[in-house]
1. Hey, what's the chain come to in accessible area per residue, 1.4 Å probe, Å²?
2. What residues have an amide H closer than 5 Å to that of Val63, excluding those fewer than 5 places away on the same chain, when H is modeled at 1.01 Å from N in the peptide plane?
3. How much length, in nm to one decimal, is gained on full extension between Ala399 and Asp192, taken as 0.36 nm per residue of separation minus their Cα-Cα distance?
4. Using 7 Å Cα-to-Cβ label points, what is the Ala15/Ala132 separation (nm, one decimal)?
5. In the chain, what percent of the accessible surface is made up of carbon and sulfur (1.4 Å probe, ligands and nucleic acids excluded)?
6. Kindly state, to the nearest 0.05, the FRET efficiency for Lys75 paired with Thr434, given R0 = 51 Å and r defined as their beta-carbon distance.
7. Among the trypsin sites (Lys or Arg not before Pro) in region 270-314, which ones are in a DSSP loop with at most 16 other Cβ atoms within 10 Å of the Cβ? Mind listing them?
8. Once Lys and Arg get +1 and Asp and Glu get -1 on their Cβ, which of Asn390, Ala332, Pro353 lies farthest toward the positive end of the dipole of region 276-414?
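The values are calculated or read from the model by the stated rules, or taken from the named source; none is laboratory data. Only a predicted model underlies this, so the values are computations on that prediction, with no experimental measurement involved. Don't worry about glycine lacking a Cβ; one is built from the backbone with ideal geometry, like all the others, and counts go over all protein chains shown. Please note that ligands, DNA and RNA were not included when accessible areas were found on the heavy atoms of the full protein model with its side chains. Shrake-Rupley method; radii C 1.70, N 1.55, O 1.52, S 1.80 Å.
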Amino acid sequence: MSALKLYSTSTRSVAPFQPIEAGKVGIYLCGATVQANPHIGHIRSGVNFDILRRWLIASGFDVTFIRNVTDIDDKILHKAVHEEIPWWAVAMKYERAFTEAYAALNVLPPTYEPRATGHVTQMVQLMERLIANGSAYAPGNGDVYLDVRSLKRYLTLSNQKLDDLQPAEDADLTYKKDPRDFALWKAAKPGDPSWPTPWGDGRPGWHLECSAMAHAYLGEEFDIHGGGLDLIFPHHENEIAQSEAAGWGFARTWMHNAWVTTAGEKMSKSLGNSLQVVELLKRVRGIELRWYLGSAHYRSMLEFSFEALEESSVGFRRIESFLHRSKEIIGAEPELTIAPEFADAMNDDLAVPAALAFISEQARLGNTAITSGDKAAIVLRAGNVRGALNVLGCDPFDAVFATGSAASTETLDGLISLALQQREAARARKDFATSDAIRDTITELGITIEDTAAGPRWTVGR
Ligand SMILES: [Zn+2]
């Protein structure tokens, strides 16, 4: 079997993955700024990095996965004014919305999920360190800035030159040494939340939060830092600047997921509401939405359309149906097998499209085996399919996706069987009005009846 290779934005190449400590992997993923309901653009990152995490776990690694919550930010403060509730209520409300969306899409909860406001002490300690070694300064206005000219290297991830960087038009040089210096800490404005520091009350800059939290949970140097493409500059460049200026090795591999696009552009605000996770879950099930979001390679743009989502869901249901039929024939849930071909695809910088081609082929061969009654082949193919789906977080037998308890499933089974018997009885006595009415009601409830050799089989779906 091949060994894992990953693409790093810092080297712009695919290279064998070597953990710092054998058998262990530390990952930091930039989490949400909790100021609105999550849309699929936000959640794609969570799904992509969850696939990475699940694959590392399946490969035998002990994974520590950190995803932070940015719970203080200008946008949160604006939302608080707009919604007429305290800023912390805004943060809590949308943090819960994100947690629910991640759960609905079977994204594993992070090992630790630090909130920025809970780590101000670590941020102050980092600033003290940076001021002491001359890479940051507090000019007396309550702000603290990073001195970008003091850095040994800067902008290597985005491959830019400092001299080419256009300073912001409103850059104020009253306090900044260089217009490109960025704020680690922002002085308190009247009425805004603030925390005390040796340089005055204020609140953290976004970049500082991630450097301090990654250090707190993963140490000075760790394996993988992830985030969306749009975070490369300035966010990740500034995380690197702060952390390296502190003398830390920071992240060895940088992984960035591409965007969800609509009409070739980064997801537009106008479509934002209809592409919220809660809205899309009215159209498809969580497992289907996850399948769709995870289907493109993480470094490829995912061009969203409702038609593509529907088509992807139909395709997924065929694979799911194969697994359910296999379970009935085998008399048990299929095994979780990692086939070498699937492993090779995942080890090749998480080549999910190649993995999906393997899954489709296995399901096709499995269906052929069902037709010919080759039980050994059904066991083999179903195991390969289920094992692969499990790594992609789309195992239909995962308890997360069960629509109800075993008891309620049994009750529903009984009721649907009864309805089907009544329909058969009505047809037998040529009472077609009744038999049609029963069929229509079953269809309206979103229940699909499939006639199989073992009698009718039903599935609940949208
Ligand atoms: Zn970050």
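1. Normalised by residue count, the accessible surface of the chain is 47 Å².
2. Val25
3. Working: separation 207, 0.36 × 207 = 74.52 nm, distance 4.37 nm.
Stretched fully, the Ala399-Asp192 segment lengthens by 70.2 nm.
4. About 3.1 nm, to one decimal.
5. Working: 11380 of 21750 Å².
Within the chain, the accessible surface is 52 percent carbon and sulfur.
6. Working: r = 58 Å, r/R0 = 1.13.
Efficiency computed from Cβ-Cβ geometry: 0.35.
7. Numbers: sites: Lys282, Arg283, Arg285, Arg290, Arg299; in loops: Lys282, Arg283, Arg285, Arg299.
Qualifying residues, ordered by number: Lys282, Arg283, Arg299.
8. So the residue furthest toward the plus end is Ala332.
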